[in-house]
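Take a look at the structure set out below.
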Amino acid sequence: MGGDDAGVGAGVWNSVSGGTVFGAVVQAQRIDSLNVEAPPQVWPPRQLPPPLPGFVNRTKERRTLRELAEAAVGQGVRTVVVTGLGGVGKTQLIAHCVRSDLGAFFPDGQVYVDLADVRRDGAVDVAGVLGDWLHAFGVPYGHQPAGLGGRADLFRTVTSGKRVLVVVDNVRQAPEIRALTPGDGLLVATSRTMLPALRMDGAVQLVVDPLDEREAIGIVRGWPVAQSEGPAAAELVRRCGGLPLALRAVGEWLVERPQLGLDDAVRSLAPFGGAAGRGWADEGTVDVMEQVFDSVLRQMPDHTRALYRFLGALPGTTFP
């Protein structure tokens, strides 16, 4: 190919020959210097948060997730809704499964978002989430459609034919994640509610229950505190309702107070009575997490408690 630059000296001619050309071609009358940047290297994203230590058991749930992952490979998109009480360990279950069981099934990309981090005044910027994921898969922000529909279409296109894992934490309603569905792979959503609309769409539900006493005592046994065995450990587990997050809050409280033991932790929870019932979906269920955090709050200085109450009174759902 060639061209005649009639505006700057007649008879100037340039051409490109020698077969097929890949990449950019620059034709000009005179070139003093030319810098061509190589496109940035793109690695398959691995965005899931790392698993925390202290994870115990969950053998049945891990086996179910592995079976669903195997079924999703090469079979379009499978959706799993992991439900359970706040603090029951849904996110950590998925993180440990990906690290030990599921990672090999999805070599083409593993993307993650916690909708609690991007929810503003009750609404989620789903288009923003898709924009970040598309960028992680190598689509520059400037080359993406502006609207939600266009980005959702492009995300399905980019992930079509690939083995991709999508994990969405803290889903409140089905429309929040429908646009986040990949072209192929496995979509895992965690929620404190049942999300029946997704089940009507064909999603598989996996309920994560509180840990039983033996499993929960296994968490306490791993704490760097004294007296991690015996009746006090069992009583602490009962008062925390078998919720890993509640137990972790108590464990951190004890680590900050090395002079105290499990008996002291049990006494700090005594004003709240017994633990929550196992029927977490019942409207009358006591919020164990609130009990534990209130107990920790009572141990804080007066000015810290005043600030905590003040922040809770601010309008809206977030503050800087």
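Quick notes
- Nitroxide proxy distance, nm - points 7 Å out along Cα→Cβ at Asp212 and Val42: 4.8
- Three-way shape call for segment 59-207 based on the alpha-carbon gyration tensor, with the a/c threshold at 1.5: oblate
- Segment 148-177 and segment 112-144: distance between their alpha carbon centers, rounded to Å: 10
- Each principal axis of segment 185-242 carries a Cα extent, and these read 49, 23, 14 Å when sorted largest first.
- Rounded to the nearest angstrom and listed largest first, the equivalent-ellipsoid semi-axes of segment 26-79 from its Cα gyration tensor are 50, 18, 5.
- A protection proxy built from the mean count of other Cβ atoms within 10 Å ranks the segments 293-299, 212-218, 240-246, 132-138, most packed first, as 240-246, 132-138, 212-218, 293-299.
- For peptides 178-189, 35-46, 149-160, sequence by mean Cβ density within 10 Å, most packed first: 178-189, 149-160, 35-46
Each value in this text was obtained by applying a stated rule to the coordinates, not by laboratory testing. Note that the structure is predicted; figures quoted are calculated from it, not measured. Note that each Cβ is placed from the backbone with ideal geometry, even for glycine, and that neighbours are counted across all protein chains shown.
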